[in-house]
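This report concerns only the one structure given below.
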Amino acid sequence: MALWPRQVSRWCCLLNTARAAEFLGRLRSCGSTAQTCREFAPRARLPAGKDVVLWRLQAYRYVSVGSCCPPDSAKNGSFSSPESNLPSPVKEEQAKAETLPDLNAKILNEDWDDIPPSSALEEISEEEAVQIIAEPLLPLQSTTLRDYVDHSETLAKLVHLGVDLSQVEKRQKAGQLLLTLDFEKDIKKILLFLKDVGIEDNELGPFLTKNPYILGEDLEALETRVAYLKSKKFGNSEIAQMVSRAPYLLLFSVERLDNRLGFFKNELGLSVKKTKDLVIRLPRLLTGKLEPVKENLQVCQIQLGFQRNEIQQIVYKTPKILTANKKRLKQTFNYLHNIMGIPHHMLTRFPQVFNSKLLRIRERHMFLAFLGRAQYDPAQPSYISLDKLVSLPDEVFCTEIAKASIQDFEKFLKTL
């Protein structure tokens, strides 16, 4: 009987040696469980006598199945479990080691091991630092569109076109309008329309700076207004000139444009052709307020004493007189008529004199009077027209009109 246990023991050792690789592999996969088993071994209280054989058989079955659970035979009660001979601390350690890690959990752990830990204090290379892009925070509210350019494709492309956002944001609700528009969906079609009207590429930026509201207009309505102007015999180049010089023109409805044309035709007694020529040269007459126009017409007739037909000629030759400052208009007329002695019919013949600065008129008239050449009557010799008086540069005025040098004129001005 003594030989049998030794043979069984040797047989168990041989089996354990043959499956050493599998045993070690399973221990590695068990992770903390293997550590528990290793800690368990030296603390185990080995049984004595015949129980050694039974213990070794049970231990082999326990290791060969790769589990720390008791063998099935122990559950059936064929022989007692080896754990029953172990001290209670060892039993607690083994109870913790009974649950093996799942294969999926092993794979996840391996994947996570490949990712280096991140830390705010971790040092990185300069190349990695350059690649880090910190997006600026979008302000909830701002008084300038500059804060939104980096976040808005629409604003960025408008800036590229030449739109001055610093001027746009000064216009009421214009900035809010641009922030709500999509460049491809809302703005691109308006730009193509403006180019069809005749606005050049280099003029789009300045045009939209003056009138950003056109970007929110309905395209069909804009096309209708252009069609109306064409129906009134305005040519393509004339429409382009009018839209360029009066950027707000296409914001007005067809009815309003028609009423404006009718007003100037009836109020001034002009023909259709002359009315059209008038608004081509000064298209802002169609977009500005009518009150200043009406007031200037009354000033010319009542305070300055021009007849209706004279006003008609003055306005047709010099449309700006309709929008001129009333005070300045009266001061210029007073100097021309009462000091220089220019009669109404001469002023009607050369109304462009009202567009000149009063200081320029005064300086040149006083220099001519000093030289004895202030003669504005066409029936007298050495006649000087009002047109040449105000339109020529100083050098030409001195040599051709005053018959003096520019140095003489400058010395005279210092005496004033």
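Data overview
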quantity	calculated
Per residue convex hull volume, Cα atoms of segment 143-216, in Å³	76
Candidate residues 166, 237, 152: accessible-area rank, largest first, probe 1.4 Å	237, 166, 152
Accessible area, probe 1.4 Å, largest first, for residues 151, 345, 365, 160	160, 345, 151, 365
Inter-label distance, nm, simple model (7 Å from Cα along the C-beta direction), residue 263/residue 291	1.2
Relative contact order of segment 204-333, defined on C-alpha pairs under 8 angstrom at six or more residues apart (%)	21
Lys/Arg +1, Asp/Glu -1 at C-beta; segment 143-216 dipole; positive extreme among 149, 161, 180	180
Shape parameters for segment 224-350, alpha-carbon atoms, Rg then Dmax in Å	15.7, 52
Surface share of carbon and sulfur [accessible, 1.4 angstrom probe, percent] for segment 198-348	48
Listed peptides 391-398, 246-253 by packing density, highest first (mean Cβ within 10 Å)	246-253, 391-398
Part-to-part distance (alpha-carbon centres) for segment 204-267 and segment 344-416, which is given in Å	40
Cα Rg over Rh - segment 300-416, Kirkwood	0.98
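The values are calculated or read from the model by the stated rules, or taken from the named source; none is laboratory data. Here the structure is a predicted model, which means the values were calculated and not measured. Ideal geometry is used to build each Cβ from the backbone, glycine not excepted, and the neighbour counts take in all protein chains shown. Note: accessible area is taken over every heavy atom of the protein model, side chains too, but ligands, DNA and RNA are not part of it. Shrake-Rupley method; radii C 1.70, N 1.55, O 1.52, S 1.80 Å.
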